Amino acid sequence: MEEKEILELAKQYIAEEKDESFRKEVEELVAKKDMKELEDRFYQSLEFGTGGLRGVMGGGTNRMNTLNISKATQGLANYIIKAFPKEAAAGSLKACIAYDSRHNHDKFSDITARVFAANGITAYLFTALRPTPELSFAIRVLGCQTGVVVTASHNPPKYNGYKAYWNDGAQVVEPHDKGIIDEVNAVKEVKLIDKEEAIKSGKIILIDKEIDEKFQDMIKKNLYRPELIKEKASSVKVVYTPLHGTGAMHVEKVLGDLGLNVITVPEQREGDGNFPTVEKPNPEEAPALKMAVELAEKEKADVVMATDPDADRFGTAFPDKNGKYVLVSGNQMGALLADYVLLSKKEFNKMPENPVLIRSIVTSPFVDAVAKNYGVKIKECLTGFKWIAFDEGQMEKEGKEHYAFGLEESYGYLVETEVRDKDGVSAAAMCAEMTLYWASQGKSLLEHLNDMYKKFGYFEDRSISKYFEGVTGPGIMKGIMTKLREEGLKTLGGKKVLKIRDVQQQVEFDPASPAQKTPIPWPKSNVLQFFLEGGTIVSARPSGTEPKIKFYINSTVPVAAQTDEALNAAKAEADALCNKISSEIKAVLDAAK
């Protein structure tokens, strides 16, 4: 971009931005003529994507700030008014807003509520930090047409985000996502009302415990063995960390009400957008659980639990026979929870007719074997929990198939139907009950996991990510995906590629016969999958929320016999295969420029 064009955009931003701190940032950069930083802030506008907004906070069109959020909310309000004309005419449109502990959560949630209110949409605003799954729950309880949660999930501290929800409590999907994007891009003027004036007139309604209590009750009602919990709970010690986010209130209350001894990592209990004790507040990554594991070792805890800042993701660790804590992956916990939920539904005659388990396409097929064992159908969907929620909603409308469980590999699980997003709080409660159940059967969860491997085969998973930040980043990632599409892959890790699935092109095909393509049923998404002989799957996709490209390896190796020796041999074989594939992928990433 030319210097003149950048400075003109900066001048326009300064004139429109009402927040002094964001406006001042840009004014100072203009005064210093810091063109490198100004270009990064203005070379593009932060796009309202299919899920909303997410980006680095700061002044500029390519940043998360009150101006961008006010425009996004105005566009969303315009779309809602058109989508629900009867409610709009009656003045009964409603929206719910929640936020987590990230910086500027107060500014971003307040201006969202004020824009809704100015457009005649009653805004229900939580008075303090609340988890994303509670926002999804509240939308349906309050009968809202839409909802927004201000969160950047597990991203680094400099990020914040804005996720839009529909009246079913799920994140917006087609056709609403594209309709909202068009409205956001067309915004010329933002309507705004004073917050105190809106509260006095009833256009902003503050909410808290009336939703909290219903949310907690719902979680407890979805458990299967209250008597077992009552009898055994006092014998189980849980160390928990909310990673400076929203989870402590609900996880402590629900597990405490069940009688469990919950010890929360004190340094990580309170909400703090700096996330001072972790590099990334992500329970998928071992360093984030370091303090919790250290406390668990000291307390000799039975389980370590963690939720990310908006408490939709859930991570765990369990002690092995030697007392060393083993981190459980998202795929492993997903298979364990699926096994327990389906086992319990079957035992208590709660299995729905024509049950379906929904998983994302990059989630391990380990859970497929579990579902098949209970006669449950597997349904794949695109990456992102909104697609699991969408499929759940479609099943409810059609009434032919019924939701039994949903999961994605990135530590997302949904054990109930009252929430239409992944729910780390419910997962924590169900995990606690599951731990007690297997203890009553004389087994730890790690022992039961190994039993599952012996029965279904061994599954190992790896993920490889590389960041490409700045102006050139998107082009580099696009180049990697283009090269993979054009050149393909005939082998990976010494295994022949039997099938390629290209979700962007909405087809799958045998690379030996590329002209013979089979259509696939999903919307376009920039994902490539390579299915190898023996059952291993390798997937590639640029992240939709961070400047990185991610590869997933889901390997599988049969276990020759139901013995520890056979399982160890399968683990060694899978490890070697993953190492080979990882090395080849890293070479591709290192060569990218």
### Query
For segment 26-43, does any single residue satisfy the condition of being open to solvent by less than 40 Å² (accessible area, probe 1.4 Å) and under 21 Å from residue 187 (Cα atoms)?
yes
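Does segment 509-523 include one or more residues that are in contact (Cβ under 8 Å) with a residue 60 or more places away in the chain and part of a strand (DSSP E or B)?
No: zero hits.
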### Query
Which ranges mark the helices (runs of 4 or more DSSP H) fully within segment 139-250 that have 1 or more residues being open to solvent by 10 Å² or more (accessible area, probe 1.4 Å), at pLDDT below 95 and closer than 30 Å to residue 436 by Cβ?
226-232
### Query
Within the group 487, 546, which residue is surrounded by 16 or more Cβ atoms within 10 Å (Cβ to Cβ), more than 21 Å from residue 369 (Cβ to Cβ) and acidic (Asp, Glu)?
546
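Quick check on my filter: what residues within segment 64-92 are among the aliphatic types (A, V, I, L, M) and surrounded by 24 or more Cβ atoms within 10 Å (Cβ to Cβ)?
64, 69, 72, 76, 77, 80
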### Query
Just for segment 271-324: of the residues that are modelled with pLDDT of 95 or more, small (Gly, Ala, Ser) and in a loop (DSSP other than H, G, I, E, B), which one is nearest to residue 414 (Cα to Cα)?
311
### Query
Can you name every residue in segment 112-138 that is surrounded by 24 or more Cβ atoms within 10 Å (Cβ to Cβ) and among the β-branched types (Val, Ile, Thr)?
112, 115, 121, 132
### Query
Which residue, of 363, 383, 435, is under 29 Å from residue 250 (Cβ atoms), out of contact with any helix residue (DSSP H, G or I) (no Cβ under 8 Å at 6 or more places or on another chain) and either buried (at least 24 other Cβ atoms within 10 Å of the Cβ) or in contact (Cβ under 8 Å) with a residue 40 or more places away in the chain (or both)?
383
### Query
From the set of residues in segment 560-578 that are in contact with a strand residue (DSSP E or B) (Cβ under 8 Å, 6 or more places away or on another chain) and either under 25 Å from residue 361 (Cβ atoms) or not aliphatic (A, V, I, L, M) (or both), which is surrounded by the most Cβ atoms within 10 Å (Cβ to Cβ)?
577
### Task
Sort out which residues of segment 1-22 are open to solvent by 60 Å² or more (accessible area, probe 1.4 Å), in a helix (DSSP H, G or I) and free of Cβ contacts under 8 Å to residues at least 40 places away in the same chain, and write them in order of number.
3, 4, 5, 8, 11, 12, 15, 20
#### Entry: Single unsatisfied condition, residue 419 versus (1) within 23 Å of the chain's Cα centre (by Cα); (2) over 30 Å from residue 559 (Cα atoms); (3) surrounded by fewer than 23 Cβ atoms within 10 Å (Cβ to Cβ); (4) aliphatic (A, V, I, L, M)
(3)
### Message
Report every pair of residues separated by at least 6 positions or lying on different chains whose Cβ atoms are under 9 Å apart, first residue within segment 458-473 and free of Cβ contacts under 8 Å to residues at least 24 places away in the same chain, second surrounded by fewer than 18 Cβ atoms within 10 Å (Cβ to Cβ).
### Response
472/593
### Task
Test each condition in (1) under 30 Å from residue 467 (Cβ atoms); (2) at pLDDT below 95 for residue 575 and report the one that comes out false.
(2)
### Query
Can you pull out the residues in segment 326-351 that are of a type in the set (A, V, I, L, M, F, W, C) and within 26 Å of the chain's Cα centre (by Cα)?
326, 327, 328, 333, 335, 336, 337, 338, 341, 342, 343
### Query
When you go through (1) surrounded by fewer than 18 Cβ atoms within 10 Å (Cβ to Cβ); (2) aliphatic (A, V, I, L, M); (3) more than 30 Å from residue 373 (Cα to Cα) one by one for residue 507, which number turns out not to apply?
(3)
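The values are calculated or read from the model by the stated rules, or taken from the named source; none is laboratory data. The shown structure was predicted, so the numbers you read here are calculated from the model rather than taken from an experiment. Using ideal geometry, Cβ is built from the backbone for each residue, glycine included, and neighbour counts are taken over all protein chains shown. Just so you know, the surface numbers come from the protein's heavy atoms only, side chains and all, with ligands and any DNA or RNA stripped out. Shrake-Rupley method; radii C 1.70, N 1.55, O 1.52, S 1.80 Å.
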